[in-house]
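Peer 1: The structure follows.
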Amino acid sequence: MSRIRRLPETLVNRIAAGEVVERPASALKELVENAIDAGATSVAIRLSEGGLTLIEVADDGCGMTRDEIALALERHATSKLPGEDIETVSTLGFRGEALPSIASVARLTVESRARGAAEGWRRVVDNGALVEEGPAALPPGTRIRVEQIFARVPARRKFMRTPRSEWAACLDVVRRLALARPEVGFTLEHDGRRAVAVQPGAGVAARAAELIDRALADNSVAIDFVRGEVRVTGIAGLPTYNRGVADHQYLFVNGRPVKDRLLAGAVRGAYADMLARDRHAVLALFVEVPCAEVDVNVHPAKTEVRFRDAAGVRGAIVSGLRQALSSGDKRSVQARAEDAMRAWQTEPLHPDQRSHSIFGGRGWSAARTEPRVAEAQTLWRGYEAAVMDAPAGRAEVAEAPPSETAEHPLGIARGQIANTYIVAEAEDGLVIVDQHAAHERLVLERLRAAGERGEGSSQALLLPEVVELDEADCDRIESAAEALARHGLAVERFGPGAMLVRAVPAALAKGDAHALLRDVADDLAQNGPDDEKGALLLGERLDHVLATMACHGSVRAGRVLSVAEMNALLREMERTPRSGQCNHGRPTWVKLAMSDVEKLFGRK
């Protein structure tokens, strides 16, 4: 066994670099965060080969003096922690490890000029060794270059991914930081090509539309929800506007971009009955809590946080998202008309283009077969006159004056297709409704409303059931008993390792009380033994049960509806929140604009 010794400074910095600088994107994140904390209003970033060859970040912040530059390159030196109270830190960076860690595994050039100073200063550190310093000419602010990261650390370099993958990670970092600070302008160039250019001063919605997708502006709702000391703001994409991966969920805590399981789980819970299992919401969500209520120092890269009241934060996110989606989902909830038309409409044919015959033939030239087309049209007219009956009167009166269609966004029912889809005429187009999916949502919302009014009840068990659990699980359930009782689950302690179940929610009366309590215990163990947390988890479980009940209790596909029933369904959809999606996330209705219908028949 060798003797205990103090590690050399260079090795200490390399170990720290392994924690802080995992890849070029990690170094870029630290540098941009420093620029933001310096009060910059504009940040310019240049990358080469995904950051493997070059990372350059220039800002117009407060800048540094010669002595401050030297001090910034020492470990655990920072200007962002004026006191010793690390629990109330409000800046993005505060550890003071980033610059020396990066300098130990790359060639780092720091150039900075403090505001009001006559000149700037330049300092170059190559893999931990100071190689150059002297005056520098630059405007007030700081410019940092990182070249050939991990070039002299082959054990780390070989674990780097391709430049394309590293570039994608860097782009994601810049997008998240740019979303976090809409008051700061950002430009990002990669190998001479500008990828991001956003101006300062835009709101969160405008910045999100620029960085995520411009279509988000027309397919999202604003969030501003306050519960206690927790405030949730931002924008959330409508359920019909979703993605196949969760990469477009941008979450922030006190302005800090994070990737937190608690927050991601809360988002899934809020969208649970509005999205299919393999689809994910698109949103930019900002959570603001008192600094003392969140620990941002649980991970060296500061991408994870820990809340003192995790249940309260999760509940605020779920409630805020559901409230916003309930009030705003009637705007653009149908699939866009052009998307629906794209499946049917083809581009106009050029005389030389090839196409398929309307009779199913292989391919034919429109220029060479005009007589055959005319002949086919003549034959069709003759067939039409011979076999088609003259128009008969409608079975039911479904006429409505223009003023009535204008009053109803979903229009007036005109008929039913395949005993499954309702066709309605609106003032601005044609509406097609999936009757089962629509009624399924309506039934679920009725059941929810009944529960919120206190009309839902619990079912007392004829003989209370004893459920044996671990003592720790019993402690968690006992601490949450009052909150669980509000949802109809009445339990009490029955010895060190058992709970007595006296009543269960009425919706779960036919279920297994043992399985229910074990699931609740598992959820409390995983997410924290907080009273409100347990209530929320049980509430989500009830939501799932109610959704299943609504599915079985709604109008089935294949049922013939009268015009009065169809119109009643349409009117209730217009009054019901989240009626644009069924309980499984599928759309309940689509609208084709009248102009697109006219294009189908060549009228426009």
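Peer 1: Along the charge dipole of region 9-198, Cβ charges K/R +1 and D/E -1, which of M64, L177, N34 sits furthest on the positive end?
Peer 2: Positive-end residue among those listed: L177.
Peer 1: Using R₀ = 22 Å, calculate the FRET efficiency as 1/(1 + (r/R₀)^6) where r is the Cβ-Cβ separation of H584 and S326; round to 0.05.
Peer 2: That pair, H584 with S326, gives E of 0.75.
Peer 1: Sticking with this structure for a sec: Run the simple label-point estimate for E407 and R261 please: 7 Å along Cα→C-beta, distance reported in nm.
Peer 2: About 5.4 nm, to one decimal.
Peer 1: First check a/c for region 9-198, with a ≥ b ≥ c the square roots of the eigenvalues of its C-alpha gyration tensor; if it is under 1.5, answer rounded, and if not, answer prolate when a/b is larger than b/c or oblate otherwise.
Peer 2: rounded
Peer 1: Using 0.36 nm per residue of separation minus the Cα-Cα distance, give me the extension gain between A215 and R603 in nm, one decimal.
Peer 2: 136.8 nm
Peer 1: Calculate the FRET efficiency for L462 and F159 from the Cβ-Cβ distance with a Förster distance of 45 Å, rounded to the nearest 0.05.
Peer 2: 0.10
Peer 1: Charges at C-beta only: +1 for Lys and Arg, -1 for Asp and Glu. How large is the resulting dipole of region 204-328 about its Cα centre, in Debye rounded to 20?
Peer 2: So the magnitude is around 200 debye.
Peer 1: Computed FRET efficiency, Cβ-Cβ of E478 and V245, R0 35 Å: what is it to the nearest 0.05?
Peer 2: 0.30
Where a number appears in this text, it was derived from the coordinates with a stated rule and is not lab data. Worth saying up front: this structure is predicted, and the values here are computed from it rather than measured. Heads up, the Cβs are rebuilt from the backbone with ideal geometry, glycines too, and the neighbour counts pull from every protein chain shown.
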